[in-house]
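Read the figures in this text as sums done on the coordinates, not as results from a lab. All values derive from a computational prediction rather than experimental measurement. Cβ placement follows ideal geometry from the backbone for every residue including glycine, while neighbour counts extend to all protein chains displayed.
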Amino acid sequence: MSVRRLTTKRVEKPWGRHDLWPGFPDAPEGGAKVGEVWFEAPGDPELLVKYLFTSEKLSIQDHPDDVYARAHGYPRGKDEAWLILAAEPHATIAIGTLAPMTHEELRASALDGSIEDKMDWKAVKADDSFYSPAGTVHAIGPGLTLIEVQQNVDLTYRLYDYGSDRELHLDDGIAVSKPVPFVAPHIARDIAPGRTILGDGPAFVMERWKRSGTGTLAPAADRPVWLVPVAGGGTIDGERLEAGGVWLADGDAALTLDEGADILVAYPGDAVVETIWG
């Protein structure tokens with residue numbers, strides 16, 4: 001197998017929506033809200049791609065790094081990155097704190113609720129992107145549709161959830177936290193015509209391709225490539241690429257992108273994968 005279209009898993013969330021995004025059937029009115037769509041691959045791949053649909057604030061949370069996660073029985077930690085597809089007016093993401101805090105101050109603010117006002121809530125719009133390393137204290141606000149690329153582990157430490165009855169994870173969440181103002185670890189940069197690096201490692205690289213033409217993907221055996229059409233499409237090994245799907249290539253594959261194609265591309269590691277274009 002060199003190319004596989006991934007299967008989808010719809011995940012109900014209290015902060016989700018009934019109206020989703022083109023390419024995804026809406027959730028029935030009166031039923032549970034859908035907050036996430038996961039794109040799953042067999043085995044234990046390094047990365048997981050999701051779409052998120054928010055109508056309320058997600059919990060203020062963080063994730064462990066590889067060392068902490070493995071010490072607690074998980075295969076890896078969780079860096080994650082987001083590409084904003086759509087944002088209602090005044091939509092925000094909280095990433096980092098307004099000022100440096102000690103772990104004791106972070107715990108106290110999580111317990112009394114003042115943490116919400118100590119987060120750096122950044123206004124966001126379509127096409128914004130963020131790479132959030134493990135330990136970053138963050139929350140995603142309402143009115144957003146986004147693609148998330150993350151290390152493949154279902155491991156979140158909730159620090160504060162606005163008075164809900166969902167479980168918090170203060171001991172682990174405080175232990176792994178870096179409660180400081182966010183400084184983007186990566187600056188988006190163009191590396192070739194129509195090819196932009198949005199974030200590069202150490203856990204994974206996330207790119208955006210806006211180009212057309214024919215080429216060859218030739219990933220190393222241990223560095224498969226995830227392709228996420230945002231708009232437009234093309235073909236990979238003769239199979240049609242289209243928005244609403246995700247494809248995983250772990251061997252040589254012929255790739256043709258249509259005029260106007262807009263593709264999010266991700267792969268593990270921190271070195272940029274080379275492509276050969278005809």
- [ ] With +1 on each Lys and Arg Cβ and -1 on each Asp and Glu Cβ, and nothing else charged, work out how big the dipole of the range 119-278 is about its Cα centre, in Debye to the nearest 20.
- [x] 440 debye
TODO: With r as the distance between the Cβ atoms of residue 72 and residue 4 and R0 = 22 Å, compute the FRET efficiency 1/(1 + (r/R0)^6) and round to 0.05.
DONE: 0.10
Task: FRET efficiency, residue 88 to residue 272 (Cβ-Cβ, R0 41 Å, nearest 0.05) - done: 0.75
TODO: Please compute the net charge surrounding residue 167, taking Lys and Arg as +1 and Asp and Glu as -1 over other residues with Cβ under 13 Å from its Cβ.
DONE: -2
Task: Mean Cβ count within 10 Å, highest first, over the residues of peptides 14-20, 197-203, 38-44 - done: 197-203, 14-20, 38-44
Open item on the list: Report the per residue volume, in Å³, of the convex hull enclosing the C-alpha atoms of the range 144-187.
Closed with: 160 Å³
Task: the chain: most fluctuating residue of 224, 25, 181 per GNM, C-alpha cutoff 10 Å - done: 25
Task: Leading residue at positive end of dipole, the range 189-277 (Cβ point charges), from 254, 236, 194 - done: 194
Task: Label-to-label distance, nm, for residues given as residue 187 and residue 164 (7 Å Cα→Cβ offset) - done: 3.7 nm
TODO: From the C-alpha gyration tensor of the chain, pull out the three semi-axes of the equivalent ellipsoid (sqrt of 5λ each), sorted largest to smallest, in whole Å.
DONE: 32, 21, 17
Task: Peptide ranges 155-161, 210-216 listed from the most packed, as the mean C-beta count within 10 angstrom indicates - done: 155-161, 210-216
- [ ] Note down the magnitude of the dipole of the range 189-277 about its Cα centre, charges +1 on Lys and Arg C-beta and -1 on Asp and Glu C-beta and zero elsewhere, to the nearest 20 debye.
- [x] 220 debye
TODO: Run the dipole for the range 34-185 about the Cα centre, Lys and Arg Cβ at +1, Asp and Glu Cβ at -1, nothing else charged, and hand back the magnitude in debye, nearest 20.
DONE: 200 debye
Task: Residue-span extension gain [residue 98 to residue 220] - 0.36 nm each, minus C-alpha spacing - done: 39.8 nm
TODO: Let me know the Rg and Dmax you get for the range 44-192 when you use only its Cα atoms, in Å.
DONE: 14.9, 49
Open item on the list: Test of understanding: in a Gaussian network model of the chain with alpha carbons linked when under 10 Å, which of 169, 72, 63 would top the mean-square fluctuation ranking?
Closed with: 72
Task: Leading residue at positive end of dipole, the chain (Cβ point charges), from 73, 138, 84 - done: 84
- [ ] With a bin width of 5 angstrom, please list the P(r) values of the range 189-277 as percents of all Cα-Cα pairs, from the 0 bin to the one holding the largest distance.
- [x] 3, 15, 27, 30, 18, 6, 0
Open item on the list: Need the list of aspartates and glutamates near residue 78 for cross-linking: C-alpha distance under 13 angstrom, and skip anything on the same chain fewer than eight residues off.
Closed with: 46, 62, 65, 66, 148, 154
Open item on the list: Straight-line reach only, C-alpha to C-alpha below 13 angstrom: list the aspartates and glutamates that residue 33 could link to, leaving out same-chain residues fewer than 8 apart.
Closed with: 12, 19, 56
